[in-house]
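What follows is a single structure, written as structure tokens, with notes after it.
None of the figures in this text is laboratory data; all of them are computed from the coordinates on show. Just so it is clear, the structure is predicted and the values come from calculations on it, not from any experiment. Methodologically, a virtual Cβ is constructed for each residue, glycine included, from the backbone with ideal geometry; neighbour enumeration extends over all protein chains shown.
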Amino acid sequence: MEGKEESGGTQDYVGDPRNDTVLISVNGFLTPREEAKVSVFDSGFVLGDGVWEGLRLINGRIAFLDRHFDRLWDGAKMLRIDIGLSREALTQRLYDVIDANDMKDGVHIRLMVTRGKKRSPYQDPRLTIGGATIVIIPEWKLPRPEMLARGLRLFTVHIRRTGPAEQDQKLNSHSKLNCILACIQAMEAGADEALMLDDRGFVATCNSTHFFIVRKGELWTSGGGYCLAGITRDAVLRAARRAGIPAHERDFSLFDVYGADEVFVTGTFAGLTPVVSVDGRTIGEATARDPVDASGPMTRRLRALYKALEAEEAQGRAP
């Protein structure tokens, strides 16, 4: 049951019993959670052949919706998937399921688009029958406050992020085995999440969030060639630059990470979450941390700037 809380690493959330009876949109039909189904021949199930977005509902509006749609449509174009809806129609479908569940705030939405049903469980796209499968799962989700209070522990795994020559990491595909294997290794090491390097040994990203360090008043994140084009990542960079904070996308190594003043990760679900240790090395001054929020001063400032931008760029309903 949804009310039972279990560990989920950086994606851990406060259980909410309302999620047990939430309505889910399956190809436009509103379906109770326990009855929501797709075919065993669906491309997403058979092959991980699809793209998806994680969205945040804030005060009745979806944050950064245009930017999420840009990434969704770019991914579908790369995979040659016809979404079959206009942006306006998909926006309306999102708000149809939001309204049906009487949701206003504190909601995370998983929007998934797969190539559709297959005639046979084989990879050739020409075996697809009909149009794309579109599933929208909205849930009441708030990050667990303990995660903010104690901060995250990361572990650098041996599994690397691939470059565009293997599979372009900008593609937010349903196939996440690379990240899942990294998460398993970090979990077995007793960490909350995996820190992943690129094939050259530079820091790339985490298995489900983006990675930032603060050094001498500057904000650093990876160059972006080996990580998802994160919406929250981009918003933090834009908010920092607008406030006059030097923000760099650059190559850096674990040497720079271990000596950082602050470290945090970003994602649509939890925003900015502090990191207190990487590979057993304490980040910054552990004794100076607030018992309610382990974030350093720059991370707190950036969180406030990000929240302001998030509210500014949240978008309303389709006409």
Contact order normalised by residue count of the chain, Cα under 8 Å, 6+ apart, percent: 20
For the chain, percent of DSSP beta bridges that are antiparallel (nearest 5) comes out at 85
Each label point is 7 Å from the Cα along the Cα-to-Cβ direction; what then is the distance between the points at Asp234 and Gln315, in nm? 1.1
Rounded to the nearest Å, what's the spacing between the alpha carbon centres of region 62-128 and region 276-297? Just the number, please. 38
Could you compute the net charge surrounding Thr128? Neighbours are other residues with a C-beta less than 14 Å from the C-beta of Thr128; K and R count +1, D and E count -1. +2
With label points built 7 Å along Cα→Cβ from the Cα atoms of Leu85 and Glu285, find their separation and express it in nm. 5.1
Relative to the Cα centre, what is the charge dipole magnitude of the chain, using +1 at the beta carbon of each Lys and Arg, -1 at the beta carbon of each Asp and Glu, and rounding to the nearest 20 debye? 580
Ordered by residue, what ³J(HN,Hα) values in Hz, to whole numbers, does region 45-61 give under the Karplus form 6.51 cos²θ - 1.76 cosθ + 1.60, where θ = phi - 60° and Gly and Pro are x? 6, 6, 10, x, 8, x, 10, 8, 9, x, 10, 10, 9, 10, 6, x, 10
To the nearest 20 debye, what is the magnitude of the charge dipole of region 145-312 about its Cα centre, counting +1 on the Cβ of each Lys and Arg and -1 on the Cβ of each Asp and Glu? 320
Taking the mean number of other Cβ atoms within 10 Å as a proxy for protection, how do you rank 208-215, 9-16 from highest to lowest? 208-215, 9-16
Using a 10 angstrom cutoff on alpha carbons, build the Gaussian network for the chain and name the most mobile of Ser222, Ser173, Ser86. Ser86
Along the charge dipole of the chain, pointing to its positive end and built from +1/-1 on Cβ of Lys, Arg, Asp and Glu, which listed residue (Pro297, Leu47, Ala36) has its Cα farthest out? Leu47
Cα centre as origin, Lys/Arg/Asp/Glu Cβ charges: region 242-318 dipole, Debye: 260
For the chain, find the longest principal axis of its Cα atoms and tell me its angle to the long axis of helix 65-79, 0 to 90°, nearest 10. 70
Helix 87-100 axis, angle to the chain major axis (alpha carbon atoms, nearest 10°): 90
Near the amide H of His248, under 5 Å away, which other amide H atoms are found, from residues 5 or more places off or on another chain, if H is placed in the peptide plane? Leu219, Trp220, Thr221
Listed residue (Leu148, Ile180, Val278) projecting farthest to the positive dipole end of region 145-312, Cβ model: Leu148
Output ³J(HN,Hα) for region 20-33: one whole-Hz value per residue in order, computed from phi by the Karplus curve 6.51 cos²θ - 1.76 cosθ + 1.60 with θ = phi - 60°, and x for Gly and Pro. 5, 10, 5, 8, 10, 8, 10, 6, x, 8, 7, 10, x, 3
Between Thr268 and residues 5 or more places away or on another chain, the pairs with built amide H atoms under 5 Å apart involve Thr232
Please state the relative contact order of region 42-93 as a whole percent: Cα pairs under 8 Å, 6+ residues apart? 27
Multiply the residue gap between Asp199 and Arg33 by 0.36 nm, knock off their C-alpha separation, and tell me the result in nm, one decimal place. 55.7 nm
Looking only at region 145-312, where both bridge partners belong to it, what percent of the DSSP beta bridges are antiparallel (to the nearest 5)? 65
